[in-house]
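The structure appears below as structure tokens.
The values are calculated or read from the model by the stated rules, or taken from the named source; none is laboratory data. All of these numbers come straight from a predicted model, not from anything done at the bench. Cβ atoms come from the backbone with ideal geometry, glycine included; neighbour counts cover every protein chain shown.
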Amino acid sequence: MEERREHERRAIRFKVVLSPPEGPHRYIMADAMDLSMGGMRIRLKEAIKSGGKIALRIARPFFQDMIDGTGEIIWQKGPDDSNDIFAGVRFIEMPFTKIKALIA
């Protein structure tokens, strides 16, 4: 099967807070599983609507600052046997110098 990814991915484990467009005060906690310059794969416990712009906050362990940006859910699978849902996030607006530092 041909690889379609544009950017190399790196396995990571960071907490992510998602704020979907259906509610400005609705927050969904997720775990980032891997990361690239173009997006990330996340694991969450509840489904999230695909498409449309979402706010993202990546919490880096052992660091004081957060990485804030926007993205789009482009796919989701699950729930699996442990009720986890996996989703792909494409970055729209992100501080790419900070993302690059995480995957270097």
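Among the residues of this structure, residue 97 counts as one that is part of a helix (DSSP H, G or I) and polar (S, T, N, Q).
Conditions (1) of a type in the set (Ser, Thr, Tyr); (2) at pLDDT 85 or above, marked per residue:
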site	(1), (2)
7	no, no
42	no, yes
50	yes, no
58	no, yes
79	no, no
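Across the range 84-104, the qualifying residues are those that are exposed (fewer than 12 other Cβ atoms within 10 Å of the Cβ) and within 19 Å of residue 13 (Cβ to Cβ), and the one among them that is modelled with the highest pLDDT is 100.
Can you report the number of residues in the range 68-91 which are aliphatic (A, V, I, L, M) and over 11 Å from the mean Cα position of the chain (by Cα)? Within the range 68-91, residues that are aliphatic (A, V, I, L, M) and over 11 Å from the mean Cα position of the chain (by Cα) number 1. Within the range 36-43, can one find any residue that is within 11 Å of the chain's Cα centre (by Cα), surrounded by 14 or more Cβ atoms within 10 Å (Cβ to Cβ), hydroxyl-bearing (Ser, Thr, Tyr) and part of a loop (DSSP other than H, G, I, E, B)? For the range 36-43, residues within 11 Å of the chain's Cα centre (by Cα), surrounded by 14 or more Cβ atoms within 10 Å (Cβ to Cβ), hydroxyl-bearing (Ser, Thr, Tyr) and part of a loop (DSSP other than H, G, I, E, B): present.
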